[in-house]
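K.L.:
This is the structure I have questions about; it appears just below.
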Amino acid sequence: MSLKHVLRIILIGLAIHTCLSQDAECEMYRKPIKIIGSKSYIQVDANHTIEFPWKGIGYSPVPNSDDLALAPFGDYFQSKFSNLWTRDFPLMQSMNATIVRIWSWNFITSHKLFLDSLWNVGCKPLRLLLPFLMSTQLYPSLKYTDVRLQVLTDFGAFLDRYSDQPAILSYMVGNELNKEFNEELDLLFSLVKDMINLRNSRGITIPITVPLAGDPTFEILLDTYYESVNLEFWSVQVYDPLRLTQVINYYINRTLANPKPLMITEFGVDAFGSLPFASFTSKPTANETIQMEKMKQMWDIIKANSHIVMGGVIMEFNDEWWKGNFPYTSNPEESCPNLRYDAHNYCGNIVGNYSFLHEEWLGIFQQELPKYFMSSYTHCITPRQVFFAVQSWWSNTTDNSLTGPFCAELGLSGALYYLIIALVSEK
């Protein structure tokens, strides 16, 4: 046999070995996730685990000009919006993200394509923090027996539908419910215990957590409910580096006897660097460098406490132009709340003790104004500096070619709807 043929056989063998190794690696990342002690692991086999990093992206791909009071009510995870995820999931993977967190979800509607797309996006799937929607708008008061029973009935139906999809990493009960039900906290956590018992009775092992606002009530909730409510991990949302350090330190000291993981289910910095309120200006100039530096400061705090903090969810993937309509938003020199969904405004709110957070500008991607055509509507985003920074923090590489814009095309009905909204807004 000639040397040429020998070399060819060797190269083919190496190629086959590489493919088999890659297949094995991909299969490994699809194994179940287990929380053991204060950490999270991939169960490779009966005797081996590897640590699973919780590197999350908050994802609410609401096109600018959209009104969340109208269908689909923020639920862009239905198949007709799949062009949005086709655009966005590869960008998340370029950051080495492992988790996607969402807030809007109509659990009666089919989301099979979305869940399948998360799981099959690449060698390493994206895993979902799935919300069970709970608010005073849906359940006005927990002191009524019929309301509590309705919550459990709805949660039971939710479990029936979402107990066997591999992409689902955890159930998230509500969002900042210590604000929503601040006068009914005993009833709230009693109900959470009932929800955990309901899940357990069905043999479901997907963890349950309650993402809480990082205001001063968080420490009180820990003191009151940590031992009695058997959450697999606790979750808190913080937008201030100083407050983040305070929350983590208190959690560590409070839970020494029985440590469970802590997850930062929201942290972020707006494109103005979440200005100190003392230096507030009504229409600030974007400063992506400060945004990037403060985000790095918060991620470093999370990473430095990885013995108890599993990770964090960056708030958020893209700007959301509708958020200035929240009733609590303010701006001394601008009319707030601002109901113009097609206008990027400067309404915001104070977080922590000193920062003014512009909620419409939290994206690591910024939105462009929509482009209308006869049969479609195109929604485009471009990255801010922090996108490339997150790539380097989470994957140790930076792909500077991903400058955008990155666009997704919505169909005829969507185009006509947004065109109508735009025309009405101009009047």
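K.L.:
Please list, in chain and number order, the residues 5+ apart from Lys55 or on another chain whose amide H is under 5 Å from its amide H, with Hs placed from the backbone.
P.N.:
When sequence neighbours closer than 5 places are left aside, the close amide H contacts are Thr98, Ile99.
K.L.:
Quick check for you: which residues of segment 299-316 have the amide N under 18 Å from the point 7 Å beyond the Cα of Tyr29 toward its beta carbon?
P.N.:
The answer is 312.
K.L.:
Only bridges with both residues in the chain count here: give the DSSP antiparallel percent, nearest 5.
P.N.:
45 percent
K.L.:
Right, here's the next one. Suppose we take every Cα in the chain and form the convex hull; what volume per residue is that in Å³?
P.N.:
Value for the chain: 181 Å³ per residue.
K.L.:
By how many nm would the segment from Asp67 to Ser110 lengthen if fully extended, with 0.36 nm per residue of separation less the alpha-carbon distance?
P.N.:
Between Asp67 and Ser110, full extension yields an extra 13.3 nm.
K.L.:
Still on this structure, please answer the following. Looking at Trp234, Ile248, Phe218, which one has the Cα that reaches farthest to the positive end of the dipole of segment 186-271 (charges on Cβ: Lys, Arg +1; Asp, Glu -1)?
P.N.:
Trp234
K.L.:
Among the listed pairs Lys294/Lys323; Lys55/Lys323; Lys55/Lys112; Lys112/Lys193; Lys112/Lys143, give every one whose C-alpha distance is greater than 32 Å.
P.N.:
Beyond 32 Å between Cα atoms: Lys112/Lys143.
K.L.:
Under 10 Å from the Cβ of Tyr377, count the other residues' Cβ atoms, weight Lys and Arg +1, Asp and Glu -1, and hand me the total.
P.N.:
Details: positive: Lys371; negative: Glu409.
Local net charge: 0.
K.L.:
Any idea how far apart Lys124 and Ala286 come out in nm if each label point goes 7 Å out from Cα toward Cβ?
P.N.:
Modelled inter-label distance: 2.8 nm.
K.L.:
Can you tally the net charge around Arg101? Count Lys and Arg as +1, Asp and Glu as -1, for every other residue whose Cβ sits under 15 Å from the Cβ of Arg101. Walk me through the intermediate numbers first.
P.N.:
Numbers: positive: Lys55, Arg127; negative: Asp75, Asp88, Glu176, Glu266, Glu316, Glu320.
After counting each charged neighbour, the total is -4.
K.L.:
Still on this structure, I have one more. Using amide H atoms built 1.01 Å from N in the peptide plane, name the residues 5+ places from Phe132, or on other chains, whose amide H lies under 5 Å from its own.
P.N.:
Met172, Val173, Gly174
K.L.:
Summing Lys, Arg as +1 and Asp, Glu as -1, what charge do residues with Cβ under 13 Å from the Cβ of Leu187 carry, Leu187 excluded? Before the final figure, lay out each step's value.
P.N.:
Numbers: positive: Lys143, Arg148, Lys193; negative: Glu180, Glu183, Glu184, Asp186, Asp194.
For residues surrounding Leu187, the net value is -2.
K.L.:
Amide H of Leu212: which non-local residues (sequence gap of 5 or more, or other chain) have their own amide H closer than 5 Å, using H built in the peptide plane?
P.N.:
Hits under the 5 Å cutoff: Glu176, Ser235, Val236, Gln237.
Rule-based calculations on the coordinates, nothing more; no lab input. All figures in this text were calculated on a predicted structure; none of them were measured in a lab. No Cβ is skipped: glycine too gets one built from the backbone with ideal geometry, and neighbour counts run over all protein chains shown.
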